[in-house]
Every structure is written in C-alpha cells, then in structure tokens.
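Below is one structure, written out as structure tokens, with a few remarks after it.
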Amino acid sequence: MAEKVNTNTLMKRLFKANDLSSYLQGNEGQLHSPDFCALLKDLCDERKILPARVIEQSQIERTYGHQLFNGTRRPSRDKVIQLAFGFGLGVDETQRLLRAADKSLLYPRLKRDAVILYGLQKSLPILAVQENLVKYGLTMLGGANHGGD
C-alpha cells in the first residue's frame, strides 16, 4: 500500500506537475473522497453508539436515517450537520463529515452557519441550536423556515 501523503504535499505535487495526467496517475492511491457510510460506521464504533441512537439524537426521521447509514440515500448538507449533532461532534469533526459527504463546509461569515458553529463549539444539543436558528429568523436544520433571512 502506498504511503499516505498529506494534502499540502499533494497540492505542491499538483502545481509542480508538467501535466494533469501524470499527476493523477502518480498519485492515484492518494486521491479519493472518504466514504461517508464508512465514516459513519467508524464514528459509531469509536463512540460506542448505535446508529439508531445517533438518528434519534439527530432528529432525523428513522427510516431516512437508516438509509443514510446504509448508503441508499445521499444526505443533504443539513442532514450531515444533524448527524454531527447526533454524534456529539465538535467543529473539526463536523467539517470532516461534511467533506466526506461532499458538502460545503460551515463558514462563520454566514449567519446561519455561525449559529450552527457556535452550537457545535459549545456542545449544545440540536434542540438548542434549532431554537437559536428560530430566534435569529433563520431556517432550521432540516428545512423548516421560521422567519426571513
């Protein structure tokens, strides 16, 4: 198996490459998106928590949540964030989960993202984050809109 290379090294190799094909072929074992389902399983194993409990704590509908865990459904960005709260993840782990799902990272310049980031940093339960989103007239996680933005 090829030695794992960090992202900065890959970036340098990409910019030094004479052509894209040689970069892609020479770094084939390093180029991949983390498998979202595998990451969910790993998080369950690390935290010794069952998927059903994560789904419940995420406030995601049960059937839909299990489809996310088994890979038959692709999550929206909000569902990934809800899962992060269900796992009790911090900011960095949530960003990693968003990357694995190919979703945009949380960005503190966006008001809604700032509320979510604050909740993650302070280890607030998802209900408290939802209440803050409503309080500031932002769309709740999962899509319910309770005000303008």
- Message: Within segment 38-58, does at least one residue satisfy the condition of being modelled with pLDDT of 95 or more and among the polar types (S, T, N, Q)?
- Response: yes
- Query: Which condition breaks for HIS66 when tested against (1) within 22 Å of ARG47 (Cα to Cα); (2) assigned to a loop (DSSP other than H, G, I, E, B)?
  - Reply: (2)
- Message: For segment 31-70, give me the residue count where each residue is closer than 30 Å to THR7 by Cβ, touching a residue at least 60 places away in the same chain (Cβ under 8 Å) and not hydrophobic (A, V, I, L, M, F, W, C).
- Response: 4
- Item | Count of residues meeting criterion [touching a residue at least 40 places away in the same chain (Cβ under 8 Å), outside any helix (DSSP H, G or I) and either surrounded by 15 or more Cβ atoms within 10 Å (Cβ to Cβ) or among the polar types (S, T, N, Q) (or both)] in segment 105-143 | 2
- Query: Here are some residues: THR9, THR63, THR72. Which one is within 22 Å of ARG96 (Cβ to Cβ) and either among the hydroxyl-bearing types (Ser, Thr, Tyr) or in contact with a strand residue (DSSP E or B) (Cβ under 9 Å, 6 or more places away or on another chain) (or both)?
  - Reply: THR9
- Note on the structure: Of the residues in segment 87-104, those that are crowded, with 16+ Cβ neighbours inside 10 Å, part of a loop (DSSP other than H, G, I, E, B) and not small (Gly, Ala, Ser) come to LEU89, LYS103
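The values are calculated or read from the model by the stated rules, or taken from the named source; none is laboratory data. Predicted model only: the values in this text are computed from it and were never measured. Glycine also receives a Cβ, built like all others from the backbone with ideal geometry; neighbour counts cover every protein chain displayed.
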